[in-house]
Amino acid sequence: ATSRYADVVAFCEAIAKRGPTARLEYFGTSHEGRKLPLLVISDPSVKSAQEAREAGKLIVMAFANIHAGEVDGKEALLALARDLTEKPNHPLLKD
C-alpha cells in the first residue's frame, strides 16, 4: 500500500515542524480541489529561489507522483525529506 493524500500532507506537516530547515508551502490545487504540497528544504532556511541564488545555494526541484499510479517517486521523496531534516547540519544542505 502507498500513502494517500492525507498521509502525504500530514507527513509534510510533520517534516515542517522539525525546525527551520523545512518549510511547507502549497504550489497549486489539483483537479479535485486538493492543495498541492511543496517542501522547501534548506540550511539555512531561505524564503525564495532568489534568496537561495544570492546565497550561492544550488537549487534542486524534485517532483513526484505526477500520475496517480506513479507512487515510487513520491515515497522516495518523502524518505529523502525525512533524511535531510532528521538531524541538524545535513551535509547535502551545505551548498
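Leaving out ligands, DNA and RNA, and with a 1.4 Å probe, what % of the accessible surface on the chain is carbon or sulfur? Don't skip to the end; give the middle numbers.
Details: 3870 of 6860 Å².
The value for the chain is 56 percent carbon and sulfur by accessible area.
Between Leu38 and Ile66, what length in nm is gained on full extension when 0.36 nm per residue of separation is reduced by their alpha carbon distance?
Separation in residues times 0.36 nm, less the Cα-Cα distance, equals 8.8 nm.
Can you show me the helix-derived [θ] at 222 nm for the chain, built from DSSP H runs with n ≥ 4 at -39,500 (n - 2.57) apiece and divided by the number of residues, rounded to the nearest 500. Intermediate results must be reported in sequence, preceding the final value.
Numbers: 3 runs with 33 residues, N = 95.
Value at 222 nm, helices only, nearest 500: -10500 deg cm²/dmol.
Compute the angle between helix 72-86 and the longest alpha-carbon principal axis of the chain, please, reported from 0 to 90 degrees and rounded to the nearest 10.
Relative to the chain, helix 72-86 is tipped by roughly 40 degrees.
Taking the Cβ of Thr85 as the center, what net charge do the other residues with Cβ under 14 Å away carry, scoring Lys and Arg +1 and Asp and Glu -1?
Numbers: positive: Lys17, Arg18, Arg23, Arg82, Lys87; negative: Glu13, Asp43, Asp83, Glu86.
In short, +1.
Given springs between every Cα pair under 10 Å in a Gaussian network model of the chain, which of Thr85, Thr29, Thr21 has the largest fluctuation?
Answer for the Gaussian network model of the chain: Thr29.
Quick check for you: with a 1.4 Å probe and neighbouring chains kept, what is the accessible area per residue of the chain, in Å²?
Numbers: 6860 Å² over 95 residues.
I get 72 Å² per residue for this part.
Picking from Ala16, Ala52, Ala81, which is most flexible by a Gaussian network model of the chain using Cα springs under 10 Å?
Ala52
List the GluC sites (Glu not before Pro) within the range 22-95 that DSSP assigns to loop and that have no more than 16 neighbouring Cβ atoms inside 10 Å. Could the numbers behind the result be given before it?
Values: sites: Glu25, Glu32, Glu51, Glu54, Glu70, Glu75, Glu86; in loops: Glu32, Glu70.
Answer by residue number: Glu32, Glu70.
The values are calculated or read from the model by the stated rules, or taken from the named source; none is laboratory data. If you're wondering where the values come from, they're calculated on a predicted model, not measured in any experiment. Every residue, glycine as well, gets a Cβ built from its backbone with ideal geometry; the counts of neighbours run over all protein chains shown. Only protein heavy atoms, including side chains, enter the accessible area calculation; ligands, DNA and RNA are left aside. Shrake-Rupley method; radii C 1.70, N 1.55, O 1.52, S 1.80 Å.
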